[in-house]
Amino acid sequence: MTPAVQALWQQGRQTLRDAGIDNANLDARLLLQEALSWTQAQLMSGGDDTVDADTANQYQLLLNRRAGHEPVSRIVGCREFWSLDFQITPAVLDPRPDTETLVQAVLDDLSDKKAPLTIVDLGTGTGCILIALLTELPAATGIAVDQSADALDVARGNATSLGVSDRMTFIQSNWGQMLESDCADIVVSNPPYIDSNDMQQLMPEVALFDPPEALDGGEKGMDDYRKVMADLSRILRPNGRFYLEVGIGQSGQIIELIEEITVMSISIVQDLAGVDRVVASAI
Ligand SMILES: C[S@@+](CC[C@H](N)C(=O)[O-])C[C@H]1O[C@@H](n2cnc3c(N)ncnc32)[C@H](O)[C@@H]1O
């Protein structure tokens with residue numbers, strides 16, 4: 001007998017609960033929507049509809065992946081960030097909601113949103129930070145930098161689907177090394193910042209599915225901040241500003257590093273949980 005949508009959802013919820021997945025109900029629904037290619041509204045109104053065997057099998061495969069701790073965003077290949085849909089692949093970090101704090105911090109500091117600014121994103125991944133900014137700043141252009149060619153391909157695809165590719169260039173580089181001097185009005189960066197010693201303790205959703213090169217920040221998570229900062233004085237134009245995402249408890253150490261390259265005032269922005277999330281200053 002073909003199962004009904006409601007029954008499958010219930011069964012999916014139980015499968016995920018048994019596997020110890022948080023938000024089992026939500027994830028089971030999202031994966032059922034994916035298997036059916038249905039919207040949430042269709043699912044809510046079509047609970048009594050029956051599902052063919054192929055779709056039910058497909059749902060089971062998706063549930064098995066989630067039970068193995070693969071995040072729903074990776075299973076469906078898409079993550080919403082700044083209310084925009086970003087494609088994700090194994091080559092890129094799954095964008096985190098906290099990173100929207102960085103986007104907001106840049107926008108809050110800009111008095112003229114129509115200025116023709118050049119924004120450099122060091123370690124762009126999906127391109128989420130830069131693309132979000134370009135959707136808000138119609139005259140700005142962006143340079144997306146990553147050491148990973150595969151990540152740059154993902155960012156390029158997202159720039160195209162989100163309508164900003166004509167204002168972006170993509171450069172494969174070890175941080176800012178390949179960039180011209182004085183090329184940026186603003187630099188944004190969310191570098192890898194997890195202490196190498198903590199890499200073994202990450203949740204399986206992170207440890208097994210985010211690329212390690214997007215996570216591991218070396219000793220105390222500080223290695224890549226030093227490398228990012230080494231290029232800032234050269235690539236930023238006079239009075240140019242930079243914004244760095246920081247991990248929990250890292251803002252003090254980052255401020256010490258910033259004080260080595262600038263005498264300008266340093267600001268800290270907290271995320272919605274009240275955690276220091278962005279440190280910003282100028283050159
Ligand atoms: C924490 S992820 C941030 C990705 C994206 N900006 C975001 O916020 O979701 C760090 C990114 O830095 C890139 N990266 C790591 N080492 C790098 C290096 N030496 N030069 C340039 N990019 C690097 C990784 O490939 C990854 O895309």
Any chance you could tell me what percent of the C-alpha pair distances in the range 5-68 go past 15 Å? 41 percent
Using alpha-carbon pairs under 8 Å, 6+ residues apart, how would you state the relative contact order of the range 81-282 in percent? 21 percent
Euclidean distance between Cα centres, the range 155-210 to the range 110-147, Å: 12 Å
Potential lengthening between GLU219 and ILE248 on full extension [0.36 nm per residue; Cα-Cα distance subtracted]: 8.9 nm
Of the GluC sites (Glu not before Pro) in the range 166-244, those whose Cβ has at most 14 other Cβ within 10 Å and which sit in DSSP loop: GLU180
Simple label model, 7 Å out from Cα along Cβ direction - ILE268 to MET203, nm: 2.5 nm
Check which residues have an amide H placed less than 5 Å from GLY240's amide H, if you skip close sequence neighbours. ILE283
What is the angle, in °, between the Cα long axis of helix 100-109 and the longest principal axis of the Cα atoms in the chain? Nearest 10 is fine, range 0 to 90. 40 degrees
The chain, Gaussian network, Cα under 10 Å: of GLY163, GLY217, GLY176, the residue fluctuating most is GLY163
List every residue whose amide H lies under 5 Å from the amide H of PHE170, counting only residues 5 or more places away in sequence or on a different chain, with H placed 1.01 Å from N in the peptide plane. ALA144
Quick query: amide H of PHE81 versus all other amide H atoms, modeled in the peptide plane; which residues come in under 5 Å with a sequence gap of 5 or more or a different chain? PHE86
Sort out the exposed loop trypsin sites (Lys or Arg not before Pro) in the chain (DSSP loop, at most 13 other Cβ within 10 Å) and tell me the longest stretch that has none. 115-283
What is the helix-to-structure angle for 5-18, meaning the angle in degrees between its Cα long axis and the longest Cα principal axis of the chain, kept from 0 to 90 and rounded to the nearest 10? 60 degrees
Checked the range 142-222 against the a/c 1.5 cut and the a/b vs b/c comparison, axes a ≥ b ≥ c from its Cα gyration tensor; verdict oblate
Determine the distance separating the Cα centre of the range 234-254 from the Cα centre of the range 10-79; give it in Å without decimals. 40 Å
Can you give the FRET efficiency to the nearest 0.05 for ASN57 and LYS113, using r as the Cβ-Cβ distance and R₀ = 51 Å? 0.55
Where a ≥ b ≥ c are root eigenvalues of the Cα gyration tensor, a/c under 1.5 meaning rounded, otherwise prolate if a/b exceeds b/c and oblate otherwise, the range 81-282 counts as rounded
Asserting the computed 222 nm helical MRE of the chain (DSSP H runs at least 4 long, -39500 (n - 2.57) per run, divided by residue count, to nearest 500) equals -11500 deg cm²/dmol
Selected from ALA149, ALA41, ALA184 as most flexible by GNM, with the chain as the system and alpha-carbon contacts under 10 Å: ALA41
CYS78: accessible area at probe 1.4 Å, nearest 10 Å²? 40 Å²
Cα pair distances of the range 92-162 binned at 10 Å [whole percent]: 20, 54, 23, 2
Accessible area per residue for the chain in Å², computed with a 1.4 Å probe and the full protein assembly in place, what is it? 47 Å²
If you take every DSSP beta bridge whose two residues both sit in the chain, what share of them, in percent to the nearest 5, is antiparallel? 40 percent
On the accessible surface of the chain, probed at 1.4 Å, how many percent belong to carbon and sulfur atoms? 48 percent
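The values are calculated or read from the model by the stated rules, or taken from the named source; none is laboratory data. Note that the coordinates shown come from a computational prediction; the quantities given were computed from them, not determined experimentally. So basically every Cβ, Gly included, is an ideal-geometry build from the backbone, and we count neighbours across all protein chains shown. Protein only, heavy atoms only, side chains kept; ligands, DNA and RNA dropped before computing areas. Shrake-Rupley method; radii C 1.70, N 1.55, O 1.52, S 1.80 Å.
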